[in-house]
Amino acid sequence: MDLIIIGGGPIGIACGLEAQKKGLSYLILEKGPIVNSLFNYPVNMQFFSSSERLEIDDIPFISKEAKPKRNEALEYYRRIVTSNKLNIHLFEEVTAIRREAGGFHIGTSKAEYHSGHVIIATGFYDLPNLLGVPGEDLPKVSHYYKDPHFYASQKLAVVGASNSAVDAALECWRKGAEVTMIVRGPEIGTRVKYWVRPDILNRIEEGSIKAFYNSTVAEVLPDRLLIDTPDGRVELPNDFVLALTGYQPNFAFLEQAGIDLSEDGKKRPHYNPETMETNVPGLYLAGVICGGMETHKWFIENSRDHARLIANHISASQKPTSSEA
Ligand SMILES: Cc1cc2nc3c(=O)[nH]c(=O)nc-3n(C[C@H](O)[C@H](O)[C@H](O)COP(=O)(O)OP(=O)(O)OC[C@H]3O[C@@H](n4cnc5c(N)ncnc54)[C@H](O)[C@@H]3O)c2cc1C
């Protein structure tokens with residue numbers, strides 16, 4: 001096989017489309033359903049990009065509003081996979097990549113493969129940044145927000161100050177949850193969508209949503225939280241905790257594949273931005289995984305071209321040189 005693409009998210013699918021156009025033999029391996037990360041997004045989530053900026057391979061994305069909803073995106077990417085008959089295995093997790101003669105050996109939860117080239121397009125949504133406090137493993141704590149109805153009439157603590165935390169706090173408050181935000185810094189994130197930020201600031205100002213700034217969770221207990229605030233430790237009666245403190249790529253998986261990561265704390269993987277090839281010849285990165293810990297740097301809008309760069313590089317490397325011709 002010429003190419004194995006690890007990850008069936010929007011960018012992995014874009015890589016499959018480009019490989020198909022170049023006549024490369026390829027297979028996409030996805031550990032969950034099509035666009036698994038988007039499937040795990042909040043049910044009412046609306047993209048901050050307009051639909052044309054989420055398009056891959058110039059395939060039109062028609063949505064009800066300018067900014068599409070999660071369900072519309074699921075439908076769009078699913079239809080691209082089915083209508084183009086992309087070669088994809090779902091619910092098959094890649095567990096190991098090893099260089100071998102003529103390419104790579106790929107081990108998965110179901111089979112073994114050999115491939116001349118590999119693309120890692122595994123995103124960053126699978127590993128949450130943990131709080132690292134006692135009680136974080138209690139069932140009342142989640143790092144993924146799904147549906148506001150679940151928290152109606154409950155005492156909900158939302159940890160974080162980014163878009164995900166703010167969206168969850170506002171939605172759950174509007175469904176009747178008693179919401180308290182726990183913010184490590186002095187304010188709500190300045191990267192929060194400009195059309196949403198005034199809403200949360202007004203809710204906090206008027207006291208509808210409580211907020212502890214410059215504060216952190218010290219411990220999670222079954223019926224309350226211990227919070228360290230500038231005024232000392234506070235006990236907060238509590239039913240549920242949404243710890244929306246961001247996510248990170250699976251660095252162990254990248255290192256196991258031989259990819260170098262920057263040592264400046266940002267763990268940026270090493271790759272050539274013109275070809276997306278890593279320090280391991282024949283091994284490429286595509287999509288939001290390219291940012292390492294800087295998960296705000298890359299998104300669908302600005303990483304969808306990775307697919308074209310890689311397919312061009314692979315097919316150029318397969319063309320016989322003039323001396324071979
Ligand atoms: C709440 C939220 C809102 C966002 N809004 C926008 C927006 O408006 N505009 C925008 O451009 N971007 C937005 N983004 C960012 C963007 O949606 C994602 O980052 C996007 O999913 C990136 O696509 P990807 O294909 O690189 O990664 P992903 O979509 O994360 O796909 C990676 C895939 O790899 C699979 N995978 C992981 N490990 C393995 C393995 N070992 N074996 C097999 N499969 C594996 C995963 O299951 C997943 O399906 C948003 C992100 C979030 C969280």
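Here are some pairs, Lys69/Lys210; Lys21/Lys85; Lys22/Lys267; Lys22/Lys85; Lys31/Lys110; Lys69/Lys155; which of them have Cα atoms lying more than 22 Å apart in this structure?
Where the Cα-Cα span goes over 22 Å, the pairs concerned are Lys69/Lys210; Lys22/Lys267; Lys69/Lys155.
Applying 1/(1 + (r/R0)^6) with R0 = 56 Å to the Cβ-Cβ distance of Glu65 and Glu235, what FRET efficiency is obtained, to the nearest 0.05?
0.85
Which whole-angstrom value gives the distance between the alpha carbon centres of the stretch 267-306 and the stretch 149-181?
33
Assuming 0.36 nm per residue, please report the length gained on full extension of the stretch Glu274 to Thr190 beyond their Cα-Cα distance.
Gain on stretching Glu274 to Thr190: 27.1 nm.
Compute the relative contact order of the stretch 130-243 as a whole-number percentage, counting only Cα pairs closer than 8 Å that sit 6 or more residues apart in sequence.
33
Provide the packing ranking of 16-23, 113-120, i.e. peptides ordered by the mean count of other C-beta atoms within 10 Å per residue, highest first.
Peptide ranking by packing, descending: 113-120, 16-23.
Which net charge results for the neighbourhood of His306, defined as the other residues with beta-carbon distances under 14 angstrom from its beta-carbon, given Lys and Arg at +1 and Asp and Glu at -1?
-3
Ignoring ligands, DNA and RNA, what percent of the accessible area of the chain is carbon or sulfur (1.4 Å)?
Whole-percent figure for carbon plus sulfur exposure: 51.
Quick one: of the DSSP bridges fully inside the stretch 130-243, what percent are antiparallel, nearest 5?
Bridges in the stretch 130-243 that DSSP calls antiparallel: roughly 40 percent.
For the stretch 130-243, what is the accessible area per residue in Å², given a 1.4 Å probe and the full set of protein chains?
51
Kindly work out what percent of the DSSP beta bridges joining two residues of the chain are antiparallel, to the nearest 5.
Of all bridge pairs located within the chain, approximately 50 percent are antiparallel.
Given only helices, namely DSSP H runs of n ≥ 4 each adding -39500 (n - 2.57), what is the per-residue ellipticity at 222 nm of the chain, to the nearest 500 deg cm²/dmol?
-6500 deg cm²/dmol
Mind checking the per residue accessible area of the stretch 1-58 for me, 1.4 Å probe, whole number of Å²?
Each residue of the stretch 1-58 exposes 34 Å² on average to a 1.4 Å probe.
For the pair Leu261/Asp199, report the inter-label distance in nm, with labels modelled 7 Å from Cα in the Cβ direction.
3.5
Which of the peptides 271-284, 127-140 is most tightly packed, and how do the rest follow, judged by the mean count of other Cβ atoms within 10 Å per residue?
Highest-to-lowest ranking by the protection proxy: 271-284, 127-140.
How much net charge surrounds Asp228 when only other residues with a Cβ under 13 Å from its Cβ are counted (Lys, Arg +1; Asp, Glu -1)?
Result for the local shell: -1.
Quick one: go through the stretch 59-97 and flag any residue whose amide nitrogen is under 20 Å from the point 7 Å out along the Cα-to-Cβ line of Gln318.
84-89
Sorted by mean Cβ packing within 10 Å, highest first, what order do the peptides 8-14, 202-208 take?
Result, highest mean first: 8-14, 202-208.
Which net charge results for the neighbourhood of Ala157, defined as the other residues with beta-carbon distances under 14 angstrom from its beta-carbon, given Lys and Arg at +1 and Asp and Glu at -1?
Surrounding charge for Ala157 is -2.
Where the only charges are on Cβ atoms (+1 Lys, Arg; -1 Asp, Glu), what is the dipole of the stretch 1-147 about its Cα centre, to the nearest 20 debye?
Roughly 180 debye, rounded to the nearest 20.
Evaluate the relative contact order of the chain (contact order divided by residue number), counting alpha-carbon pairs under 8 angstrom at least 6 apart; express in whole percent.
19
Which of rounded, prolate, oblate describes the chain, given a ≥ b ≥ c as roots of the alpha-carbon gyration tensor eigenvalues and a/c under 1.5 marking rounded, otherwise prolate only if a/b is larger than b/c?
Prolate is the answer for the chain, as a/c is 1.5 or above and a/b outweighs b/c.
Treating the beta-carbon of each Lys and Arg as +1 and of each Asp and Glu as -1, no other charges, what is the dipole magnitude of the chain about its Cα centre, to the nearest 20 debye?
In debye, rounded to 20, the chain gives about 560.
The values are calculated or read from the model by the stated rules, or taken from the named source; none is laboratory data. All values derive from a computational prediction rather than experimental measurement. A quick note on method: Cβ atoms are made from the backbone with ideal geometry, for glycine too, and the neighbour counts reach across all protein chains shown. With ligands, DNA and RNA removed, areas are computed over all heavy atoms of the protein, side chains included. Shrake-Rupley method; radii C 1.70, N 1.55, O 1.52, S 1.80 Å.
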